[in-house]
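Below: the structure, in structure tokens.
The values are calculated or read from the model by the stated rules, or taken from the named source; none is laboratory data. Keep in mind the model is a prediction, meaning the values are calculated, not measured. Positions of Cβ are generated from backbone atoms using ideal geometry, with glycine treated the same way; all protein chains shown enter the neighbour counts. For the accessible areas, the whole protein counts, side chains as well, though only heavy atoms, and no ligand, DNA or RNA atoms are used. Shrake-Rupley method; radii C 1.70, N 1.55, O 1.52, S 1.80 Å.
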Amino acid sequence: MKELLDSIYAVGADDTTLDLFESQYPVPQGVSYNSYVILDEKVAVLDTIDTRATAEWNENLKTVLAGRAPDYLIISHMEPDHSANIAALARQYPAMKIVGNSKTFVQMGQFFGADTFPSERLVEVKEGDTLPLGHHTLQFIMAPMIHWPEVMMEYEQTDKVLFSADAFGKFGAVCRGGAWAPEARRYYLNIVGKYGAQVQALLKKAAALEIRTICPLHGPVLAENLGQYLALYDTWSSYRPEAPEEVLVASASIHGNTKAAAAHLAEKLRVQGAAVTEIDLTRTDVSYAVAEAFRCGKIVLACATYDGGLFPCMEAFLAHLKAKNFQRRTVALLENGTWAPMAAKLMRAQLDTMKEITVCEAVVTVRSALSPANEGQMDTLCTELLGK
Ligand SMILES: Cc1cc2nc3c(=O)[nH]c(=O)nc-3n(C[C@H](O)[C@H](O)[C@H](O)COP(=O)(O)O)c2cc1C
Ligand SMILES: [Fe+2]
Ligand SMILES: [Fe+2]
């Protein structure tokens with residue numbers, strides 16, 4: 001529990017024991033589920049939290065409310081990591097109104113049962129509506145598909161705080177600290193990455209507001225140099241690489257020869273002056289590879305042919321990239337095959353279904369293990385990929 005600004009409190013909780021966020025993303029530093037309270041003439045609670053931390057949230061709420069009852073519960077997002085405690089809080093405070101939009105209330109009925117919330121307890125808001133609390137006033141900003149259709153944000157007009165729902169969130173418990181960009185990037189690109197157009201629309205609305213503090217539903221409250229976070233969101237949501245000249249070399253190797261060939265190629269790229277990151281897809285969770293592929297402007301995909309197909313971790317990587325709307329990058333291919341190499345053709349077929357991907361003509365074909373014949377192929381590929 002923490003007072004962020006005069007009478008605005010953070011009452012969420014860290015979760016440092018979760019293995020997979022959304023049953024999918026490793027969170028070695030945990031995650032936080034944030035929730036906020038504004039104590040004014042009226043008392044507003046902004047979002048509840050995941051069931052995994054209900055007890056701590058209840059304690060924080062009790063301390064901050066100090067005997068007062070909330071007048072409003074604002075629902076920014078119905079995903080269960082934020083909405084799990086809505087019904088319990090509503091039962092605890094029978095006079096409390098629940099504020100959402102028309103889509104929020106449909107989902108609330110689905111999660112908790114259609115008759116759980118009588119209509120007189122629901123306050124339905126739409127874009128631009130305001131809710132006066134006294135000294136503070138909340139203005140509602142619809143943010144559909146960041147990251148579900150019912151998502152909305154609240155702009156507090158007096159202290160100029162944007163309660164940004166999942167946007168500007170990051171993996172990692174707040175208590176663990178850590179740099180913002182790497183885990184915010186992995187969070188954004190894997191969770192919201194598909195919805196660049198919707199984030200662009202939101203950034204246009206945000207540009208018209210004076211924002212001094214961003215309170216997301218995961219990760220730290222952002223209060224300084226907000227321009228850097230907004231600039232990264234603009235880059236990510238417009239599918240521009242952060243590092244247009246940097247190269248990701250991602251390999252999928254069964255016995256190590258493809259990985260060794262990929263490392264040899266990476267070294268050649270470095271000799272030519274490129275900054276290169278190597279990721280072994282057999283050993284690195286795909287969410288890190290997705291984030292790195294979006295960060296870099298150039299990608300090398302290196303894959304062993306496997307039963308006439310792609311080694312599954314490469315197939316999965318390409319499927320994840322496609323699902324996140326991966327586009328506007330240059331990709332080079334390295335394949336391995338002992339009797340009938342197929343990987344380059346199959347990777348190209350996947351890349352052809354994505355938007356604005358330039359696949360280099362030069363392909364490196366390894367036959368089992370790196371051989372002198374590969375040197376020339378690799379040099380040609382390096383020249384084409386780096387545009388030298
Ligand atoms: C289970 C398995 C299936 C494979 N299937 C094929 C195949 O269908 N066509 C082919 O040319 N090579 C195939 N290979 C050979 C690999 O593509 C590759 O040449 C070999 O594993 C060496 O590369 P690595 O050390 O990176 O795994 C297969 C290898 C394994 C272990
Ligand atoms: Fe979400
Ligand atoms: Fe969330």
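In this structure, Ala275 and Gln24 have a Cβ-Cβ separation that, at R0 = 35 Å, corresponds to a calculated FRET efficiency of about 0.75. For Trp339, Trp148, Trp236, the ranking by accessible surface with the largest value first comes to Trp339, Trp148, Trp236, using a 1.4 Å probe. For Gln327 and Asn225, a Förster radius of 22 Å and the Cβ-Cβ distance give a FRET efficiency of 0.15, rounded to the nearest 0.05.
For the chain, give me the percentage of DSSP beta bridges that are antiparallel, rounded to the nearest 5 percent.
Of the beta bridges lying entirely in the chain, close to 45 percent run antiparallel.
Annotation: the antiparallel percentage among DSSP beta bridges lying fully within segment 15-111 is about 55. The solvent-accessible area of Ser368, taken with every protein chain present and a 1.4 Å probe, is close to 40 Å².
Of the chymotrypsin sites (Phe, Trp or Tyr not before Pro) found in segment 181-214, not one falls in a DSSP loop while having at most 10 other beta-carbon atoms within 10 Å.
A helix-only calculation puts the chain at -10000 deg cm²/dmol for mean residue ellipticity at 222 nm, using -39500 (n - 2.57) for each DSSP H run of at least four residues, averaged over all residues.
Report the relative contact order of segment 64-188, percent, no decimals, based on alpha-carbon pairs under 8 angstrom and at least 6 residues apart.
Details: 173 pairs, mean separation 22.9, N = 125.
Reported as a whole number, the value is 18 percent.
Based on the Kirkwood approach, the hydrodynamic radius assigned to the chain is 22.6 Å, with every pair of different Cα atoms included. To the nearest 10 degrees, how steeply does helix 312-323 sit against the main Cα axis of the chain, on a 0 to 90 scale? Roughly 50 degrees, rounded to the nearest 10. Taking Cα atoms only, the orientation of helix 102-112 departs from the longest principal axis of the chain by about 90 degrees.
How far is the Cα center of segment 296-316 from the Cα center of segment 212-264, in Å? A separation of 20 Å, based on Cα centres.
Placing a label point 7 Å from the Cα of Glu242 along the Cα-to-Cβ direction, the residues of segment 259-291 whose backbone N falls under 11 Å of that point are 291. Segment 24-50 and segment 172-194 have Cα centres lying 16 Å from one another. With contacts taken as Cα pairs under 8 Å at a separation of at least 6 residues, the chain carries a relative contact order of 11 percent. Seen against the Cα atoms of the chain and their longest principal axis, helix 196-207 is set at about 50 degrees. Note on Lys324: lysines with a C-alpha under 26 Å away, same-chain residues under 8 apart excluded, are Lys103, Lys170, Lys194, Lys204, Lys205, Lys259, Lys298, Lys345, Lys355.
Going by accessible surface with a 1.4 Å probe and the largest first, Lys160, Lys42, Lys2 read Lys2, Lys42, Lys160.
Of the residues Asn225, Asn257, Asn58, the one that moves most in a GNM of the chain with alpha-carbon contacts below 10 Å is Asn225. Beta-bridge orientation, segment 235-349: approximately 10 percent antiparallel, per DSSP, counting only bridges with both partners inside. Averaging the Cα positions of each part gives two centres, and for segment 120-162 and segment 53-82 these lie 17 Å apart.
To put it simply, the accessible area of the chain at a 1.4 Å probe is 52 percent carbon and sulfur. Counting 0.36 nm for each residue step from Asp234 to Ala319 and taking away their Cα separation leaves a gain of 28.2 nm. Take His77: with every protein chain present and a 1.4 Å probe, its accessible area is about 0 Å². Rg ratio for segment 241-388: its Cα radius of gyration over 2.2 N^0.38 Å, N being its residue count, equals 0.92.
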